[in-house]
């Protein structure tokens, strides 16, 4: 199958591209992990497959409006 065709069909069915859906899922997982106290931001970034913490932080802030550190503070008072 043609990758472009598959991507377009996916977008028709789910309203988003596979890459954007993958990012949304990663951010949702990151939020859950940040709400726990066991792991630090660097560990979470690595577990979710980000090459560096800067990329993770930038993407997290793009989707949530706040940094991972700020989000973690909301739950770890």
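Quick note: the coordinates plus some simple rules give every number you see, no bench work behind them. Model, not experiment: these values are computed from the prediction. Using ideal geometry, Cβ is built from the backbone for each residue, glycine included, and neighbour counts are taken over all protein chains shown.
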Per the 1/(1 + (r/R0)^6) rule, R0 = 22 Å and r from the Cβ atoms of residue 38 and residue 62, FRET efficiency to 0.05 is 0.30
Once normalised by the length of the chain, the mean sequence separation of its alpha carbon contacts under 8 Å that are 6 or more apart gives a contact order in percent of 24 percent
One can check that the equivalent ellipsoid of the chain, built from the alpha-carbon gyration tensor with semi-axes equal to the square roots of five times its eigenvalues, has lengths in Å, largest first, of 29, 12, 10
